[in-house]
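**Student:** Okay, here's the structure, questions in a sec.
The values are calculated or read from the model by the stated rules, or taken from the named source; none is laboratory data. These figures come from a predicted structure and were not determined experimentally. Cβ: placed from backbone, ideal geometry, glycine included. Neighbour counts: every protein chain shown. Accessible surface is based on the protein model in full, side chains and every heavy atom, while ligands, DNA and RNA are left aside. Shrake-Rupley method; radii C 1.70, N 1.55, O 1.52, S 1.80 Å.
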Amino acid sequence: MGVGKSGPLFGVPIANFVGWFVIGFVFYQLFALYLSRYDRIRPQKAKTLASKPYWLEAAVMYSLIGFSIIVTPIAIYNDITVSMALVTVFTMIFVAIISLIAIINDNELT
């Protein structure tokens, strides 16, 4: 960042955010192309991927991380922790609940 230049978000120019997004997108797409060509599921892995506990583990861990953020204001009470807890309820916890419901109701999983 040059002298006297500043951006709207903590002095970071908008072009930086656009660049980070584009670079991240390109790397994810390259990895997706690699996986689509070379990734093969072995038969023993297919059984694991079709089990409910396999998918429930990720959803439960995600919700536990969300709950840890929600209880943070009990120990450290300030505007930031309260705001983080409120945002977490409507993002992480919401997504975790929807995921848990989808996994439990999926009849294709064993």
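**Student:** Of the residues that sit in region 17-38 and are open to solvent by 100 Å² or more (accessible area, probe 1.4 Å) and aromatic (Phe, Trp, Tyr), which one is farthest from the chain's Cα centre (by Cα)?
**Tutor:** Filtering region 17-38 for residues that are open to solvent by 100 Å² or more (accessible area, probe 1.4 Å) and aromatic (Phe, Trp, Tyr), the one farthest from the chain's Cα centre (by Cα) comes out as 38.
**Student:** Further question on the same structure: Being open to solvent by 100 Å² or more (accessible area, probe 1.4 Å) and either at pLDDT 95 or above or closer than 17 Å to residue 107 by Cα (or both) is the filter here; which residues of region 39-53 pass it?
**Tutor:** Passing the criteria: only 47.
**Student:** Here's another thing I want to ask about it. What number of residues within region 1-57 satisfy the criterion of being within 30 Å of residue 98 (Cβ to Cβ), in contact with a helix residue (DSSP H, G or I) (Cβ under 7 Å, 6 or more places away or on another chain) and of a type outside the set (A, V, I, L, M)?
**Tutor:** Going through region 1-57 one residue at a time, the tally reaches 4.
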